[in-house]
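Worksheet: one structure, shown below.
The values are calculated or read from the model by the stated rules, or taken from the named source; none is laboratory data. Bear in mind the structure is a predicted one, so any value in this text is a computation, not a measurement. Every residue, glycine as well, gets a Cβ built from its backbone with ideal geometry; the counts of neighbours run over all protein chains shown.
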Amino acid sequence: MKMLRTAMQALWSGDRQADRVVPPSGFTAQLTLFAAATMAFLAVFALALSLASGRLADIWGQQLARTATIRVVAPVDQRAAQTSAALRILETTKGVASARALTDAEQQALLAPWFGADLAIDALPVPRLIEIVEDSDGMDVDGLRLRLAAEVPGAVLDNHSRWREPLVKAASRLRLLGWVSTVLIVASLAAMVTLAAHAALSANAQVIAVLRLVGATDGYIAQAFIRRFTLRALAGAAGGTAVGMLAILLLPTSTDTGAFLTGLGFQGWHWLVPLIVPFLSGGVAFAATGAAARRTLKGLA
């Protein structure tokens, strides 16, 4: 812990003489800044994808699991009677918190995306839909199906399990993909910083040899490279994170007409999650540069 505190103090305070070992500009500086900014930008979107997929999985897995639908498929002259009979059964069914038949206007709104808003609901043999909300204990689906089959022959119960489970699985896999993408982005940043640090060390081999002649230790030299590359990665990642969060903020919302990727974004305290990206990038650069410096300085000995 004491060594880490000392390293952090050296990182922020620096040493002007040691800093001269590291070129302040040039290819390695530009590469580090660009790689850190790009990877941070991509990491923000990977985190947004993972968190949004997690929200979808929770919604589909928990909220939709407590809902069911009954379709009353019957001749027009029998539809109202069978709907009433199904509602009476639901009133006495254990585990049903509420049940109601959708109105013509609500069913017309459901069909509007396919048939248009001017659809006359009476012109089609549309079944009457009954919306069921279960309580925390849940209901006996098989028992309810048997009662409906005996008393309401035109009623078909759908507890959404057939299509809900694949959706939950897909959302969970998307969440995993988001976290895997984040890990790969961090690994790519570490590789880029390692290459840049190795190139800078190799390019300054003569300067390093002179420093060694005047008594500079490898730890002193390595610290100069670690500080410069860590601060570069931190600055680049901060810029990339800011641009990424702004891009997420400008995405269409769920209230926009024809919005695309409406669920992709941060909500509530999730907006704080991307703020760890610059510090994570700095930590990766710190570790990668330190390993590259020790390895390269040992080879230059």
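Does ASP137 fit the bill of being part of a loop (DSSP other than H, G, I, E, B), at pLDDT below 80, within 35 Å of the chain's Cα centre (by Cα) and surrounded by fewer than 13 Cβ atoms within 10 Å (Cβ to Cβ)? It would help to see each step written out before you state the result.
Values: part of a loop (DSSP other than H, G, I, E, B): yes; at pLDDT below 80: yes; within 35 Å of the chain's Cα centre (by Cα): yes; surrounded by fewer than 13 Cβ atoms within 10 Å (Cβ to Cβ): yes.
It is true that ASP137 is part of a loop (DSSP other than H, G, I, E, B), at pLDDT below 80, within 35 Å of the chain's Cα centre (by Cα) and surrounded by fewer than 13 Cβ atoms within 10 Å (Cβ to Cβ).
From the set of residues in segment 192-226 that are in a helix (DSSP H, G or I) and free of Cβ contacts under 8 Å to residues at least 12 places away in the same chain, which is farthest from ARG55 (Cα to Cα)?
Here the answer is LEU213.
Being part of a loop (DSSP other than H, G, I, E, B) and surrounded by fewer than 15 Cβ atoms within 10 Å (Cβ to Cβ) is the filter here; which residues of segment 140-159 pass it?
ASP140, PRO153, listed by residue number.
Could you please find all residues in segment 147-188 being of a type in the set (Val, Ile, Thr) and more than 13 Å from the chain's Cα centre (by Cα)? Spell out how you get there, then give the answer.
Start the filter on segment 147-188 by keeping residues that are of a type in the set (Val, Ile, Thr), which leaves 152, 156, 168, 180, 182-183, 185-186.
Those that are of a type in the set (Val, Ile, Thr) and more than 13 Å from the chain's Cα centre (by Cα): VAL152, VAL156, VAL168, ILE185, VAL186.
Every residue in segment 93-109 that is surrounded by fewer than 16 Cβ atoms within 10 Å (Cβ to Cβ) and closer than 15 Å to ARG145 by Cβ, please.
Of everything in segment 93-109, just one residue is surrounded by fewer than 16 Cβ atoms within 10 Å (Cβ to Cβ) and closer than 15 Å to ARG145 by Cβ, namely LYS94.
At pLDDT below 90 and in contact with a helix residue (DSSP H, G or I) (Cβ under 6 Å, 6 or more places away or on another chain): does that describe ALA99? Break it down into steps so the answer makes sense when it comes.
Working: at pLDDT below 90: yes; in contact with a helix residue (DSSP H, G or I) (Cβ under 6 Å, 6 or more places away or on another chain): yes.
Yes: the conditions hold for ALA99.
Test of understanding: among GLY215, GLY239, which residue is outside the structural domain of ALA81 (by TED's automatic domain parsing) and either farther than 18 Å from ALA29 by Cβ or aromatic (Phe, Trp, Tyr) (or both)?
Exactly one residue qualifies, and that residue is GLY215.
What about THR83, is it in the same structural domain as PRO278 (by TED's automatic domain parsing) and of a type in the set (S, T, N, Q)?
So THR83 fails the test.
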